[in-house]
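Trainee: Here's a structure for you.
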Amino acid sequence: RGGNKKSVRIPLSDIFSRVASLVNQSDDSPSAGNDEWNLWLAFTNRAISEWSNSYDWEDLRKEFKPTISGLTNATIPLPTDFRKLGASPVLWGGNDPDGKEWPEVLPEQQRLYSSTDNWIQVRGDIDTGFNLIWNPGTLSSGASVTVQYFSIPTSLASPAQIPVVPDSSFIVDRVVSYIWEARSDARFQEAETKAR
């Protein structure tokens, strides 16, 4: 009937029951903490990571409003779940009471701008963390900054957790494909295609 498909998110325990019904012809999923459960958990987190890296999903968009406390804050540490910017950061305060977007400049483009131009860069990596570098490097104490970003989904660890993926059938199909591939079952390709 012409409406939008409604998102269906279910807990990890229900995902594993659905996976078990396909790969073991029984809805009895492995017990939490045993080797098979841990393998299925690894496959599930892998599927979630694959989903999150395939597109800039709105389900992963977040907003970060750091506190500006010093007079020369040239660097703002970004949240630990930061993956990439979702929009240009906005600065309010000082000469920008209505808010002003600061565009992102790649390091190789930096030489095209003067030292007084307004721009930002994201520096760092997943291991050490990411920082937002401001140019010029002075943000007034009390200024307000809003940073929209796409996050890295949290890895699942317990049966009651609900994945951020809006349709859990993707996770079921993808985990089934991983299991069948590990068992050298040729049906893994069909399950992978269904997941995609």
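The values are calculated or read from the model by the stated rules, or taken from the named source; none is laboratory data. Values in this document were obtained by computation on a predicted structure and should not be read as measured data. Note that we place each Cβ from the backbone using ideal geometry, even for glycine, and neighbour counts take in every protein chain shown. Accessible surface is based on the protein model in full, side chains and every heavy atom, while ligands, DNA and RNA are left aside. Shrake-Rupley method; radii C 1.70, N 1.55, O 1.52, S 1.80 Å.
Trainee: Evaluate the stretch 101-109: report whether one residue or more is open to solvent by 50 Å² or more (accessible area, probe 1.4 Å) and on the phi > 0 side of the Ramachandran plot.
Mentor: No, there is no match, as no residue in the stretch 101-109 is open to solvent by 50 Å² or more (accessible area, probe 1.4 Å) and on the phi > 0 side of the Ramachandran plot.
Trainee: Another one. If you check residue 92 against the conditions, is it at pLDDT below 90 and touching a Lys or Arg at 6+ places or on another chain (Cβ under 9 Å)?
Mentor: yes
Trainee: Here's a follow-up. What are the pairs with Cβ atoms under 8 angstrom where one residue, in the stretch 112-124, is touching a residue at least 24 places away in the same chain (Cβ under 8 Å) and on the phi < 0 side of the Ramachandran plot and the other, located anywhere, is hydroxyl-bearing (Ser, Thr, Tyr) and open to solvent by less than 90 Å² (accessible area, probe 1.4 Å)? Sequence gap at least six, or different chains.
Mentor: Between residues of the stretch 112-124 that are touching a residue at least 24 places away in the same chain (Cβ under 8 Å) and on the phi < 0 side of the Ramachandran plot and residues that are hydroxyl-bearing (Ser, Thr, Tyr) and open to solvent by less than 90 Å² (accessible area, probe 1.4 Å), the close pairs are 120/88.
Trainee: Looking at 145, 172 in this structure, which one is out of contact with any Gly (no Cβ under 6 Å at 6 or more places or on another chain), buried (at least 17 other Cβ atoms within 10 Å of the Cβ), β-branched (Val, Ile, Thr) and in a strand (DSSP E or B)?
Mentor: 145
Trainee: Select, from 68, 48, the only residue that is within 30 Å of residue 22 (Cα to Cα) and of a type outside the set (Asp, Glu).
Mentor: Exactly one residue qualifies, and that residue is 48.
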